[in-house]
Every structure is written in C-alpha cells, then in structure tokens.
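One structure below.
The values are calculated or read from the model by the stated rules, or taken from the named source; none is laboratory data. Bear in mind the structure is a predicted one, so any value in this text is a computation, not a measurement. When we count neighbours, we look across all protein chains shown, and the Cβ atoms used for this are built from the backbone with ideal geometry, even at glycine. Heads up: the accessible areas ignore ligands, DNA and RNA and are worked out on the full protein's heavy atoms, side chains in. Shrake-Rupley method; radii C 1.70, N 1.55, O 1.52, S 1.80 Å.
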Amino acid sequence: MIASIQIQPCPEDQPVSSGNTSLQTMGDRLTQLQDAVDQLATQFIASVNYINQHHSLEILGPRDQIVVIPKQEADQREVDPHPEEVFRAALLELAQDLITKEQQIEYLISILPGLENSEQDQERNIRELEEELKVAEAQRQEAIKEREVTLAKLDTVIRSIRRP
C-alpha cells in the first residue's frame, strides 16, 4: 500500500536554457510538495473508507443494536467486518503509510530554497532579480528600436527599387 514519491534532484550546476535556476528548482520542489500533499489526502480518504467498510460491529452504547442482515442481502452489506487480526494489521499498515508520506512532505519542505536564508538574504535576492529584470527589459526595448530602424531601412530599399 505504500505509495512513494521520487524526490527529483535539482542540482544548481545543471544547465538551464533560461531563467533563474533557483526559481526553477523551487518550482519543481513545490510541484513535488503539492503532489505529495494530494497523495496524503488520497491516503487519508482511503484509510477512512477502509475503516468504515471493514470495522467489526460492536455495541458502543446501551441503546445500540446490531442489525442482522438476511443471507440473500449479504452481498449488499455496508460493513464487511474483517477478522480482528487482519483488521489490526491493515490499520498498522495504513498508519505506517500515512507516517511515511508525512515524512516525505516534511523532507520536501526542508529542502525548499530560501528556508536556510534570512529575510535580509531573501530581500537581497529579490532586489537582484528586479535588477536582472530591468536589464532584460532595457535589452528588449533596444531590440525593438533596432527592429524599427531595420524595418525602416528595408522599407526604403524596397521603395527605391524600380519595377521594370
């Protein structure tokens, strides 16, 4: 029943075509974290469903009664109690699966970038990224101007050519 996730390595020296490697790393890890949380929720639902369907029928209060279902309706029962030792073993396995998934989530949280950085370091990183963005925008604006000049020259050349 154990559903494990693969923690994808995100080495800082891995070549990246564009963007900031640490941002891509954080995005990858956040995706893995979201997947793990989704899997944990699914495991919780499956565990509760198993317990609901396979618990033993017991009287919990003085007014409780166990309803006996006739044999012709036995396959339609809402509760199909498993033997006590099988049920306990299944509960143990379900609990271990939930603990394992929770530990994987804790690990993913612990390796998120930025957690080891102070608030000042994170603010400095944001300022650096803002500066990189300003430089990239200036380069884009320069490229747009260069394109306009080139288009104007091309238009002049095309208009100067006489048709035979």
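Thr42: accessible area at probe 1.4 Å, nearest 10 Å²?
In the full protein context, Thr42 sits at about 90 Å².
Please turn the phi angles of region 146-152 into ³J(HN,Hα) values with the Karplus equation 6.51 cos²θ - 1.76 cosθ + 1.60 (θ = phi - 60°), one per residue in order, whole Hz, x for glycine and proline.
Going residue by residue, I get 4, 4, 5, 5, 4, 5, 5 Hz, with x marking Gly and Pro.
Just read off the accessible area of Val67 with the full protein assembly in place, 1.4 Å probe, to the nearest 10 Å².
The accessible area comes out at roughly 110 Å².
Rank these by accessible area, largest first, 1.4 Å probe: Ser160, Ser47, Ser118.
Details: Ser160 80, Ser47 10, Ser118 45 Å².
Order by accessible area, largest first: Ser160, Ser118, Ser47.
Using 1/(1 + (r/R0)^6) with R0 = 25 angstrom and r between the beta carbons of Asn125 and Ile99, what's the FRET efficiency to the nearest 0.05?
On the way: r = 35 Å, r/R0 = 1.39.
E(calc), rounded to 0.05, equals 0.10.
When the Cα atoms of region 91-146 are enclosed in a convex hull and the volume is divided per residue, what value in Å³ results?
98 Å³
Ordering Leu60, Leu129, Leu92, Leu40 by accessible area with a probe of 1.4 Å, largest first, what comes out? Kindly include the intermediate steps, with their values, before the conclusion.
Numbers: Leu60 155, Leu129 60, Leu92 100, Leu40 30 Å².
Putting Leu60, Leu129, Leu92, Leu40 in descending order of accessible area: Leu60, Leu92, Leu129, Leu40.
Please turn the phi angles of region 118-129 into ³J(HN,Hα) values with the Karplus equation 6.51 cos²θ - 1.76 cosθ + 1.60 (θ = phi - 60°), one per residue in order, whole Hz, x for glycine and proline.
Values, residue by residue: 6, 4, 5, 4, 5, 5, 4, 4, 5, 4, 4, 5 Hz.
Subtracting the Cα-Cα distance from 0.36 nm times the residue separation, let me have the gained length for Ala152 to Glu85 in nm, one decimal. Intermediate results must be reported in sequence, preceding the final value.
Details: separation 67, 0.36 × 67 = 24.12 nm, distance 8.46 nm.
Contour length minus Cα-Cα distance gives 15.7 nm.
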